[in-house]
Amino acid sequence: MGACLSTTKISGSNSTTPSNADHRRTATATGKHNEGGSNVKSHTPTEIHRNQKQKQKTQQQNNHKNKRKEKSTSRKGVIPCGKTTDFGYLKDFDSHYSTGKLLGHGQFGYTYVAIDKSNGDRVAVKKIDKNKMILPIAVEDVKREVKILQALSGHENVVQFHNAYEDSSYVYIVMEYVFSVLQFQLNSDLNYATLVLANLLKLDLMITLFRLCEGGELLDRILGKKDSRYSEKDAAIVVRQMLKVAAECHLHGLVHRDMKPENFLFKSKKDDSHLKATDFGLSDFIRPGRKFTDIVGSAYYVAPEVLKRKSGPESDVWSIGVITYILLCGRRPFWDKTEDGIFKEVLKNKPDFKRKPWPNISASAKDLIKKLLVKDPRARFTAAQALSHPWVREDGNASEIPLDISVLSNMRKFVKYSRLKQFALRALASTLDEEEISDLRDQFHAIDIDKNGAISLEEMREALAKDLPWKMKDSRVSEILEAIDGNTDGLVNFTEFVAATLHVHQLEEHNSEKWQHLSKAAFEKFDVDKDGYITPEELRMHTGLKGSVDPLLEEADIDKDGKISLLEFRRLLRTASISPRPRPNHHHHNNNNNNNNNNSIQIPSSHGVGVRVDVDSHTSTQG
């Protein structure tokens, strides 16, 4: 709903067509770029104002064209899909609300203030014209928007949803009213430095802006800070709230897909005001185990896997990593004069932590950002993991940390692993120190509701049920608990939990030297004589299995020499981390295809010509 300051958005061939899906607000790259860096001084306030007026003129011309198209369609006798669709929403809007002044409008809808007749409270109403929903995809976009708002209703960092109504002509989406109109004049109130930075961040300045929340945008507060950056303490508070939104989305099987400062607004002008996520125009539900193949989002915040057309919830975390970087230094981690150049930077380069102010920023803050901006989504922190990080947890506690979708996923995977993989993971888990398992301890405490130090079948059932896209039968939950329960006492203790849920790929990616040490220590728990190999006899001794261990040996013994080397053992651990998840037969949006595994990608060019960039191909399964 509310109008936000816009940046150029990018989209791939599988994204929704803009003219039929205003609510997704997907747009192709325009080819017009605001230059930054060494050239940013060439843009004066007058030029920015002139460019903005030209953009507004172009938008008005496009609106006139769309109106002519709609009239032409009407003359041809085509009945819009919106007019023939019963959305299933309540039919008595006028009985509950009286509509007031207009707050803003888009191509297909208007936003008004309305009064709740039952208590006199003000609400915001998005009124969407059914005549504008020409194609079925426009109808689906409205339904998805309502479904998303319903799913996130009640979260303190999301604008609240009240209800949805319809009549023969319109759909009405009723939400929390927190609007205020900000008169934004291009005068001495906006100094030259602010204008330049706004331009650098691709901020479209308008004479009058509708603000969803009285406190204004996160981006405005960045611009208003000294040196356009936050203190670490203040930044941690902001980042924590964004991560909570992402974690909540992911538990609902929802990917935001456009995390950026402009889409987070403050509830009030107070320094400790809550952030509110306001724009879910590109958000979509994703099928378990699948990936999006379209390219959507905002160029500066887009994750590498989005450009590779194999993205999922991990892409939201990347975007929050970019925002965190900007909050702390006032610069973007990936920059170029063109979108093509930005994409290449995202795919190939790492953020700079050497220039000022980074030498004066804590190691903990830099550690978090590096773990959020890992190129490989398998090794990237999840939103829930990031909430357990010491820098984000400042003044926070474990009770505020939501369940981690990757932890729940790893528990589901563990039951499918071979006995040898399970033994190997248990050995690796026993080598980890508190730093490596701190996030898993938070997750264990979140699942262990009665705090007795063990997870029961009922507690595991409740935890797995919170990963909403996965519908698990009770018998399946029992199988998972039995597989994780190494000592067969009917409960899962913390050591058993760590073995089933640890992130092997992250261990290797975040600190390769430490990974070498830990994996060798786990290997030596099997290699009793320290000759560098695990023999059948040592395997039998460690596992306690009777009879032949040849089936176990064959899985890891790649060179077929009758024993397992350290390299083969490490390979076994890695494959445990990235084993593909089963694919339940759920009906979701049809963008969730996991194909296009080529080692190069076609990037949408700002000049209408594709730019091919060679990239490493990765399997984007979470692990």
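Of all the helices (runs of 4 or more DSSP H) wholly in the stretch 427-489, which have at least 3 residues that are under 23 Å from the mean Cα position of the chain (by Cα) and within 29 Å of His542 (Cα to Cα)?
In the stretch 427-489, the matching helices (runs of 4 or more DSSP H) lie at 434-447.
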Residue selected from the stretch 132-182 under the condition within 19 Å of the chain's Cα centre (by Cα) and of a type in the set (S, T, N, Q), by the criterion farthest from Leu265 (Cα to Cα): Gln150
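Would you mind stating whether Ser95 is of a type in the set (S, T, N, Q), surrounded by fewer than 16 Cβ atoms within 10 Å (Cβ to Cβ) and over 28 Å from Leu254 (Cβ atoms)? Please lay out each step first, then the result.
Details: of a type in the set (S, T, N, Q): yes; surrounded by fewer than 16 Cβ atoms within 10 Å (Cβ to Cβ): yes; over 28 Å from Leu254 (Cβ atoms): yes.
Answer is yes for this residue.
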Every residue from the stretch 398-413 that is in a helix (DSSP H, G or I) and either touching a Ser or Thr at 6+ places or on another chain (Cβ under 8 Å) or under 17 Å from Phe381 (Cα atoms) (or both): Ala398, Ile405, Ser406, Val407, Leu408, Ser409, Asn410, Met411, Lys413
Restricting the stretch 350-384 to residues that are within 16 Å of the chain's Cα centre (by Cα), of a type in the set (D, E, K, R) and under 19 Å from Glu435 (Cα atoms), the residue that is surrounded by the most Cβ atoms within 10 Å (Cβ to Cβ): Arg380
Scan of the stretch 88-108 for residues that are touching a helix residue (DSSP H, G or I) at 6+ places or on another chain (Cβ under 9 Å) and over 21 Å from Met133 (Cβ atoms), ordered by number: none
Condition check for Val492: touching a strand residue (DSSP E or B) at 6+ places or on another chain (Cβ under 7 Å), within 29 Å of Pro390 (Cβ to Cβ) and buried (at least 22 other Cβ atoms within 10 Å of the Cβ): yes
Pairs with Cβ under 6 Å, 6+ apart, first in the stretch 491-516 and closer than 22 Å to Leu566 by Cα and touching a residue at least 24 places away in the same chain (Cβ under 8 Å), second assigned to a helix (DSSP H, G or I) and among the basic types (Lys, Arg): Ala499/Arg426
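Matching residues to (1) closer than 30 Å to Pro288 by Cβ; (2) of a type in the set (Gly, Ala, Ser); (3) modelled with pLDDT under 70:
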site	(1), (2), (3)
Met206	no, no, yes
Phe210	no, no, yes
Cys213	no, no, yes
Tyr230	no, no, no
Asp234	no, no, no
Val239	yes, no, no
Glu248	yes, no, no
Val255	yes, no, no
Leu265	no, no, no
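The values are calculated or read from the model by the stated rules, or taken from the named source; none is laboratory data. Please read these numbers as outputs of a predicted model, since none were measured by experiment. Reconstructed Cβ throughout: ideal geometry from the backbone, glycine too, with neighbour counts over all protein chains shown.
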